[in-house]
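Read the structure below first, then the notes.
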Amino acid sequence: IPKGCFQHSGIESFIIPDSVSVKELRESAFEECKQLKHITIGKSVEIIRDSCFKHSGLIEIDIPDGVMTMGADAFFGCEDLSAIHIGKGILEIPGDCFTLCGKKSGIKEVHLSEGLTIIEQPNEDTK
């Protein structure tokens, strides 16, 4: 999905089927999509770039096992986010990836993969 492709749009849900070959969700692809509540990320996706879903309206994110990389600020400021599921491919969560998430209802559920080795601290400026 190209950089900034749906940025500031009014989409409410987005599905990347397993039958479609999408390797990357580029920088800011869904940034500021306040109406975006649901996304299905297909098995072909390997990379979620910086700020991809920053300040979007997601309520739950399920990152499939095929995703190997998440960029900084990927889900920064997703205030409605209440559930996070991290697949087996993610070994490191960058700083500020989930900073300021769940501010409205609180994050109620987090599932981390067994292979996760690093969770970076957020920047001092964003706490």
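The values are calculated or read from the model by the stated rules, or taken from the named source; none is laboratory data. Since the structure is predicted, the reported quantities are computational estimates derived from the model, not experimental observations. Cβ atoms come from the backbone with ideal geometry, glycine included; neighbour counts cover every protein chain shown. For the accessible areas, the whole protein counts, side chains as well, though only heavy atoms, and no ligand, DNA or RNA atoms are used. Shrake-Rupley method; radii C 1.70, N 1.55, O 1.52, S 1.80 Å.
Below is a table of values for the structure above.
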| quantity | calculated |
| --- | --- |
| Karplus (6.51, -1.76, 1.60) ³J(HN,Hα), θ = phi - 60°, over the stretch 5-11, in Hz, Gly and Pro reported as x | 3, 10, 3, 6, 7, x, 5 |
| Amide H contacts under 5 Å for ILE93, placed H, 5+ residues apart | ILE118, ILE119, GLU120 |
| Unit charges on C-beta of K, R, D, E only; dipole of the stretch 33-127, Debye | 360 |
| Cα pair distances of the chain binned at 5 Å [whole percent] | 3, 12, 21, 28, 23, 10, 3, 0, 0 |
| Leading residue at positive end of dipole, the chain (Cβ point charges), from ILE119, MET68, PRO17 | PRO17 |
| Calculated from backbone phi, Karplus (6.51, -1.76, 1.60) coupling profile of the stretch 79-94 in Hz, x at Gly/Pro | 5, 8, 5, 10, 9, 10, 10, 9, x, 5, x, 7, 9, 9, 10, x |
| Accessible surface of the chain [probe 1.4 Å, protein heavy atoms]: carbon and sulfur percent | 49 |
| Long-range amide H partners of GLY42 with built H, under 5 Å | ILE16 |
| Under 27 Å from LYS3, Cα to Cα: lysines that are on another chain or at least 8 residues apart | LYS23, LYS34, LYS37, LYS43, LYS54, LYS88, LYS103, LYS127 |
| Backbone HN-Hα couplings from phi across the stretch 105-113 [Karplus 6.51/-1.76/1.60, Hz, Gly and Pro as x] | 10, x, 7, 9, 8, 9, 10, 9, 7 |
| Burial order of peptide ranges 32-40, 44-52, 111-119, 81-89 (average beta-carbon count within 10 Å, highest first) | 44-52, 81-89, 32-40, 111-119 |
| Dipole of the stretch 16-83 [Lys/Arg +1, Asp/Glu -1 at C-beta], most positive-end residue of GLY77, LEU36, SER51 | LEU36 |
| The stretch 51-127 - accessible surface per residue (Å², probe 1.4 Å) | 50 |
